[in-house]
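Engineer: Pasting a structure below so you can have a look.
The values are calculated or read from the model by the stated rules, or taken from the named source; none is laboratory data. If you're wondering where the values come from, they're calculated on a predicted model, not measured in any experiment. Cβ placement follows ideal geometry from the backbone for every residue including glycine, while neighbour counts extend to all protein chains displayed.
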Amino acid sequence: MDRIIIYGSCYGTAKIYAEALAEKINVEAVPYDRVSGLEGYETIIYLGGLYAGGVRGMAKTVKKIPTDTCRRLIVITVGLADPEDEKNIRNIRNTAGKQIPETLRARTEFYHLRGGIDYQKLNLMHRTMMKLLYEQVKKQPPEQQDEETRALIETYGKKVDFVDLKRLEDIAEKLGKEAEAPVPCAEIRAMKKTEYPLLKEFLYEAIYVPEGAVPPDRSSLETPELQVYLSGFGESESDCAVAAEVRGKIIGAAWARIMNDYGHIDDETPSIAISVYKEYRGQGIGKKLLLSLLSALQDKGVRRVSLSVQKANPAGRLYQRIGFTTVKETEEEYIMARSLFMSVNGKEYKIRNLLGRGKGGYS
């Protein structure tokens, strides 16, 4: 499996770690500003120093990672605070996570190392920033200071070196084991009739539960309102389903049928349901499932599809990007539809651009 180590280092600590790790796992290490493209790598290991606003150089690097195929991203941060402090780790991951595209986050792993600082070597901008930050945080009462703040106060103006290359041994061992396993990538395919019973589980996963709310009991699947998605699926010509499979396990599904559900428009328009297990969300699998289902429905001659989505559900933005528009709405939901054919001079043609962007086209 092709791997590369990319590092962002301003004063040398991250570079020391990167070159030492490269030697341990026999992988090339290059600075982020010398990377032009990453198409040929399945695993990208990014090792960078922590600065205000994120990890040095990482935002520019992740933009070069292709999103059309599966990639694994390993992020190793280098900072002053104790890398084993749980609160510090959460803060680091929240900050670093903002620099990582949504499609990569679920395939990103984090490790943390402790670095060093020499105030005499800081450039004017960094020296000024550190001074302003120090003046601000030292006013905080001791009981309100976190591990990172205390580390800043204790080391301010000094030369300190917490580099510990031994900590790379555990990371190198884990990366060595991961090199033997392929990057988990979803295969999108037609769902087999023998797999239709799985739709019950995916229907439950499709129920939108706002953050902090209690999920509904599974017995709710037996209500008439939800049974329309499942009962006798596959017996009608309008029934169509696709699945996402990872290493032999179905982890997502999208299906459509003409039914009187929440997204019902008329008796000729199939309604769509889509669901992906939580641990696989944020990788673009839902989008691939939806596009595959729309293509399959086109092949069946379906002119238009519909769906319903709660207004608070962020999935609504995905549907809009793929060309769905709101045709009705209730207090809590949007009912959206999308045409799969267009009429030109009295003739109907398949819309080739199912993404809902660009010039489109027809065939």
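So that you can scan it fast, the table gives a plain yes or no per residue for (1) surrounded by fewer than 20 Cβ atoms within 10 Å (Cβ to Cβ); (2) under 19 Å from L175 (Cα atoms):
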| residue | (1), (2) |
| --- | --- |
| G37 | yes, no |
| G40 | yes, yes |
| T61 | no, no |
| E109 | yes, yes |
| H112 | no, yes |
| D118 | yes, no |
| H126 | yes, no |
| M130 | yes, no |
| Q136 | yes, no |
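Engineer: Scan L152, L133, L104, L122 and give me the residue that is in the same structural domain as K166 (by TED's automatic domain parsing), in contact with a strand residue (DSSP E or B) (Cβ under 8 Å, 6 or more places away or on another chain) and under 24 Å from L47 (Cβ atoms).
Structural biologist: L104
Engineer: Moving on. Does Y41 satisfy the condition of being of a type outside the set (A, V, I, L, M), without any contact (Cβ under 8 Å) to a residue 40 or more places away in the chain and outside any strand (DSSP E or B)?
Structural biologist: yes
Engineer: Out of L318, L354, L307, report the one residue that is surrounded by 15 or more Cβ atoms within 10 Å (Cβ to Cβ), in contact with a helix residue (DSSP H, G or I) (Cβ under 8 Å, 6 or more places away or on another chain), under 18 Å from D267 (Cβ atoms) and not β-branched (V, I, T).
Structural biologist: It is L307.
Engineer: Tell me which residues, restricted to segment 238-248, are modelled with pLDDT of 90 or more and part of a strand (DSSP E or B).
Structural biologist: C240, A241, V242, A243, A244, E245
Engineer: If you don't mind, there's one more thing I want to ask. Have a look at K98, K87, K139 and point out the one that is touching a residue at least 24 places away in the same chain (Cβ under 8 Å) and over 16 Å from the mean Cα position of the chain (by Cα).
Structural biologist: Of the residues listed, the single one that is touching a residue at least 24 places away in the same chain (Cβ under 8 Å) and over 16 Å from the mean Cα position of the chain (by Cα) is K87.
Engineer: What's the number of the only condition in (1) at pLDDT 90 or above; (2) hydroxyl-bearing (S, T, Y); (3) crowded, with 18+ Cβ neighbours inside 10 Å; (4) within 26 Å of the chain's Cα centre (by Cα) that S295 fails to meet?
Structural biologist: Exception for S295: condition (3).
Engineer: Restricting attention to segment 186-237, and to residues there that are part of a helix (DSSP H, G or I), in contact (Cβ under 8 Å) with a residue 24 or more places away in the chain and acidic (D, E), which single residue is surrounded by the most Cβ atoms within 10 Å (Cβ to Cβ)?
Structural biologist: So, considering only residues that are part of a helix (DSSP H, G or I), in contact (Cβ under 8 Å) with a residue 24 or more places away in the chain and acidic (D, E), the one surrounded by the most Cβ atoms within 10 Å (Cβ to Cβ) is E205.
Engineer: Given (1) touching a helix residue (DSSP H, G or I) at 6+ places or on another chain (Cβ under 8 Å); (2) within 21 Å of R257 (Cα to Cα), identify the lone condition not met by Q283.
Structural biologist: Result: Q283 fails condition (2) only.
Engineer: Pick from I188, I171, I250, I207: which is touching a Phe, Trp or Tyr at 6+ places or on another chain (Cβ under 6 Å) and either outside the structural domain of E109 (by TED's automatic domain parsing) or not hydroxyl-bearing (S, T, Y) (or both)?
Structural biologist: I171
Engineer: Quick one: in segment 248-290, of everything that is of a type in the set (F, W, Y) and more than 25 Å from P66 (Cα to Cα), which residue is surrounded by the fewest Cβ atoms within 10 Å (Cβ to Cβ)?
Structural biologist: The residue in question is Y262.
Engineer: Within segment 155-169, track down each residue that is more than 30 Å from K24 (Cα to Cα), out of contact with any strand residue (DSSP E or B) (no Cβ under 7 Å at 6 or more places or on another chain) and either part of a helix (DSSP H, G or I) or of a type outside the set (K, R) (or both). If you could, list the steps in order and put the result at the bottom.
Structural biologist: Residues of segment 155-169 more than 30 Å from K24 (Cα to Cα): 155-158.
So of that shortlist, the ones also out of contact with any strand residue (DSSP E or B) (no Cβ under 7 Å at 6 or more places or on another chain) come out as 156-158.
Passing the criteria: Y156, G157.
Engineer: Also, quick follow-up: When the residues of segment 238-249 are filtered to those that are among the hydrophobic types (A, V, I, L, M, F, W, C) and without any contact (Cβ under 8 Å) to a residue 60 or more places away in the chain, which remaining residue is farthest from L294 (Cα to Cα)? Give the steps one after another, and end with the answer.
Structural biologist: Within segment 238-249, the subset among the hydrophobic types (A, V, I, L, M, F, W, C) is 240-244, 246.
Next, from what is left, pick out any that are without any contact (Cβ under 8 Å) to a residue 60 or more places away in the chain: 241-244.
Values: A241: 10, V242: 10, A243: 13, A244: 15 Å.
Looking at the filtered set, the residue picked out is A244.
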